[in-house]
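The values are calculated or read from the model by the stated rules, or taken from the named source; none is laboratory data. Small disclaimer: the values here were computed from a predicted structure and weren't measured. Cβ placement follows ideal geometry from the backbone for every residue including glycine, while neighbour counts extend to all protein chains displayed.
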Amino acid sequence: MLGAVLHGPRDIRFEDRPEPKITRPTDAIVSLSATCICGSDLWPYRGIQPVTQPTPMGHEYCGIVEEVGREVTNIKPGQFVVGSFASSDNTCVICRHGYQSSCVHREFMSEAQSCLLRVPLADGTLVATNDLPPKELIPSLLATSDVLGTGWFAADAANVKPGSTVVVVGDGAVGLLAVLSAKQMGAERIIAMSRHASRQKLAREFGATDIVSERGEEGVARIKDLTKGVGADSVLECVGTPESMMQAIRATRPGGYVAYVGVPHGVELDGEDLFFAHVHLHGGPAPVRRYLPELIRLVLDGKIDPGKVFDLTLPLEQVAEGYRAMDERRAIKTLLRP
């Protein structure tokens, strides 16, 4: 089987990999209808997150179940399924509290940029549709696997309510879908922080009412201007850098909420600054499995179209070009067709 393997900074190869097999009775094998490249994949691709050996890539996926282990009871061959980037049994005490991405049996998926994928804990990780979906909905269903689920968690964790004022820091796929999520949750004003015209346009399509191009302290000052000096009710941090995190905290009103879903790199918080900011902080790896049934329903019912974040579609064998395009900001998000 061929799949994407990262060998070092900016060295992604489409090469032979072992074909996945059922190794545990709770596994399933899925033939992928589509996969994609995540913004978080760019951290190791750029060498910011070290890679010490050839590493299979990919954690977003949807497709048709080919085979299941003997203990799998809810998922059956022939079903179309979507799964999270983190496997979960969906029954442990942490899962029952809605944090499946911290399941006591969690495994992070990392081999989905291929044509076949082994999914551990299939009954708890995968969500099946009632029927095979039309091909035109595949991109949007794929988006629920991570970027939409993560954007939705950001809005949920930041306590977005009807009538609230929301700021989204970050204009990648997660940030753009955080805008969509805030809109779905009834936010009255959604301020997207973005410097890129194509991303600003999509943010407005998803529900942004204002665009702020300034960053850092200038960005915070602009948010304060737009909110009569108070700050936003909810700020969704979707990047993961020290600058974006502090921008998010300082743009939030006292008593407001900051959700952080960007994978952090070098983020350190000053205790005194945080003490006097008087904000709620909540975030981490999104519990996508909690939201998957609702998000899949919204897509199938035609209520949302998160697949718009895919502005480049390539055959899987051109995965290296997909990485280059995202690295060079020529693409927001690359969809790969096996």
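Arg215: at pLDDT below 95, basic (Lys, Arg) and out of contact with any Ser or Thr (no Cβ under 7 Å at 6 or more places or on another chain), yes or no? Spelling it out, Arg215 is indeed at pLDDT below 95, basic (Lys, Arg) and out of contact with any Ser or Thr (no Cβ under 7 Å at 6 or more places or on another chain). Being at pLDDT 95 or above and surrounded by fewer than 23 Cβ atoms within 10 Å (Cβ to Cβ): is that true of Arg289 here? Taking the combined requirement at face value, the residue does not satisfy it. Where helices (runs of 4 or more DSSP H) sit wholly within the range 189-253, those with at least 3 residues that are within 15 Å of Ile332 (Cβ to Cβ) occupy 197-206.
Counting only helices (runs of 4 or more DSSP H) that sit completely within the range 93-167, those holding 1 or more residues that are at pLDDT 95 or above and in contact with a strand residue (DSSP E or B) (Cβ under 8 Å, 6 or more places away or on another chain) correspond to 122-125, 138-144, 147-157. Scanning the range 202-253 for residues being of a type in the set (Lys, Arg) and closer than 15 Å to Ala158 by Cα gives a total of 2. Cβ separations smaller than 7 Å between residues 6+ apart or across chains give the following pairs from the range 274-303 residues that are assigned to a loop (DSSP other than H, G, I, E, B) to residues that are among the hydroxyl-bearing types (Ser, Thr, Tyr): Val279/Thr252; Val279/Tyr257; Pro285/Ser101; Ala286/Ser101; Ala286/Thr150; Pro287/Tyr99; Pro287/Ser101. May I ask you to list the residues in the range 212-227 that are in contact with a Gly (Cβ under 7 Å, 6 or more places away or on another chain) and surrounded by fewer than 18 Cβ atoms within 10 Å (Cβ to Cβ)? Lys224 - this is the single residue of the range 212-227 that is in contact with a Gly (Cβ under 7 Å, 6 or more places away or on another chain) and surrounded by fewer than 18 Cβ atoms within 10 Å (Cβ to Cβ). For the range 166-185, which residues satisfy the criterion of being buried (at least 24 other Cβ atoms within 10 Å of the Cβ) and more than 22 Å from Thr241 (Cβ to Cβ)? The one that is buried (at least 24 other Cβ atoms within 10 Å of the Cβ) and more than 22 Å from Thr241 (Cβ to Cβ): Leu180. Only residues that are of a type in the set (Gly, Ala, Ser) and part of a loop (DSSP other than H, G, I, E, B) were counted in the range 16-71, giving 3. Residues in the range 84-104: is at least one without any contact (Cβ under 8 Å) to a residue 12 or more places away in the chain, surrounded by 15 or more Cβ atoms within 10 Å (Cβ to Cβ), of a type outside the set (Gly, Ala, Ser) and in the same structural domain as Tyr291 (by TED's automatic domain parsing)? The answer is yes, given that some residue of the range 84-104 is without any contact (Cβ under 8 Å) to a residue 12 or more places away in the chain, surrounded by 15 or more Cβ atoms within 10 Å (Cβ to Cβ), of a type outside the set (Gly, Ala, Ser) and in the same structural domain as Tyr291 (by TED's automatic domain parsing).
Does Leu121 meet the test of being at positive phi and assigned by TED's automatic domain parsing to the domain that holds Arg24? Considered against the rule, which asks whether it is at positive phi and assigned by TED's automatic domain parsing to the domain that holds Arg24, Leu121 comes out as yes. Out of Arg70, Arg24, Arg10, I need the residue that is surrounded by fewer than 17 Cβ atoms within 10 Å (Cβ to Cβ), basic (Lys, Arg) and touching a Phe, Trp or Tyr at 6+ places or on another chain (Cβ under 8 Å). Which one? Testing whether each residue is surrounded by fewer than 17 Cβ atoms within 10 Å (Cβ to Cβ), basic (Lys, Arg) and touching a Phe, Trp or Tyr at 6+ places or on another chain (Cβ under 8 Å) leaves just Arg10. Taking into account only those residues within the range 80-92 that are part of a loop (DSSP other than H, G, I, E, B) and in contact with a helix residue (DSSP H, G or I) (Cβ under 8 Å, 6 or more places away or on another chain), which is farthest from Pro54 (Cα to Cα)? If we take residues in the range 80-92 being part of a loop (DSSP other than H, G, I, E, B) and in contact with a helix residue (DSSP H, G or I) (Cβ under 8 Å, 6 or more places away or on another chain), then Thr91 is farthest from Pro54 (Cα to Cα). Residues to consider are Ile37, Ile48; find the one that is among the hydrophobic types (A, V, I, L, M, F, W, C), modelled with pLDDT under 95 and within 22 Å of Arg329 (Cα to Cα). The match here is Ile48.
With respect to the conditions (1) at pLDDT below 95; (2) within 30 Å of Asp11 (Cα to Cα); (3) surrounded by 16 or more Cβ atoms within 10 Å (Cβ to Cβ), Arg329 falls short on a single one, namely (3).
Quick grid of which residues meet (1) crowded, with 20+ Cβ neighbours inside 10 Å; (2) modelled with pLDDT of 95 or more; (3) aromatic (Phe, Trp, Tyr):
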| site | (1), (2), (3) |
| --- | --- |
| Ala187 | yes, yes, no |
| Gln200 | no, yes, no |
| Gly229 | no, yes, no |
| Val235 | yes, yes, no |
| Thr252 | yes, yes, no |
| Gly262 | yes, no, no |
| Glu268 | no, no, no |
| Leu274 | no, no, no |
